Every structure is written in C-alpha cells, then in structure tokens.
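Below: the structure, in structure tokens.
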Amino acid sequence: MAIQIYHNPRCSKSRAALNLLQEKGVEHEVIEYLKTPPSVEELTTILDKLGMQPQDLMRKGEAEYKAYIQGKDLSRDEMIALMVQYPKLIERPIVANDFKAAIARPLELILPIIA
C-alpha cells in the first residue's frame, strides 16, 4: 500500500509526522505540496479520502483565505481551484494511503493510515 505525506518542512507538525513514518519504517513518498501542489483531481481525491469539504481543509489564518474566500459564496470546485492555486491554504500534514487519509493533528490520527 502506497503512503504519501503532503509535507511542509517548515512546519513542526509536518516534521513530526514524517519522523513517525521513518521511525515506524513505513515506506512513503514525500510530497512537498508548496513546491508541487496537488492537481484538482488529486486534491478532490484527498478530500474524498478525508471525508471533508474544501473549507474543512483550509488554513483560515492565511492571507489568501482572507483575500479570496472569507465571506464569499464559492462552490466546491471554486474552493478546490483556489487551494490548488494557493497551496498555503491546505492544512498539513496529510498522510494518505490508497483508501483513506488523515491530517496529523494530533499525530496519532495517522496511525490507522499506516497500519
């Protein structure tokens, strides 16, 4: 089963999730999503695996959220497109396998993903 971590090396939570994967000997692919943002299709799949709507996966403190999303009546597709365009909006870290995903906040939430 392929494991991916959508990772921001500047984030302590993301580094902790990556360390957990390494400590447990889990083979994984690191995706630095700020350098390589997910496509619309990839982000839609991630949201489906998380069982979330786009607004649930957004970092609401980011300037891009306040500028482009806050207070606006946007469709799901419009929100996903903005998250792809401005990947800083995506909450991190996300750990995913072929069937499900979790945001590692708290870190223990990813244990079922890597089991």
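We did not get these values from a lab; they are worked out from the coordinates using the rules stated. Since we're looking at a predicted model, the values are computed, not measured. Positions of Cβ are backbone-derived with ideal geometry, glycine not excepted, and every protein chain shown enters the neighbour counts.
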* Can you tell me the dipole magnitude for the chain around its Cα centre, using point charges on the Cβ only (Lys, Arg +1; Asp, Glu -1), in Debye to the nearest 20? => 480
* Asked: So which GluC sites (Glu not before Pro) in the range 1-108 are both in a DSSP loop and have at most 10 other Cβ atoms within 10 Å of their Cβ?
  -> Glu27
* What FRET efficiency do you get for Phe99 and Val40 if R0 is 30 Å and r is their Cβ-Cβ distance, rounded to the nearest 0.05? -> 0.90
* Do any chymotrypsin sites (Phe, Trp or Tyr not before Pro) in the range 48-115 lie in a DSSP loop with no more than 11 other beta carbon atoms within 10 Å, and if so, which? -> Phe99
* Among the trypsin sites (Lys or Arg not before Pro) within the range 1-50, which fall in a DSSP loop and have no more than 13 other Cβ atoms within 10 Å of their own Cβ? -> Arg10, Lys24, Lys35
* Asked: Given charges of +1 on the Cβ of Lys and Arg and -1 on the Cβ of Asp and Glu, with all other atoms neutral, how large is the dipole of the range 38-90 about its Cα centre, in debye to the nearest 20?
  -> 260
* Asked: Hey, what angle do you get for helix 40-50 against the long axis of the chain, alpha-carbon based, 0 to 90 degrees rounded to 10?
  -> 60
* Please compute P(r) over all alpha-carbon pairs of the chain, binned at 5 Å starting from zero, and give each bin as a whole-number percent. => 2, 12, 24, 24, 19, 11, 5, 2, 0
* Report the extension gain between Ala81 and Glu29 in nm, rounded to one decimal, defined as 0.36 nm multiplied by the number of residues separating them, less their alpha carbon distance. => 16.4 nm
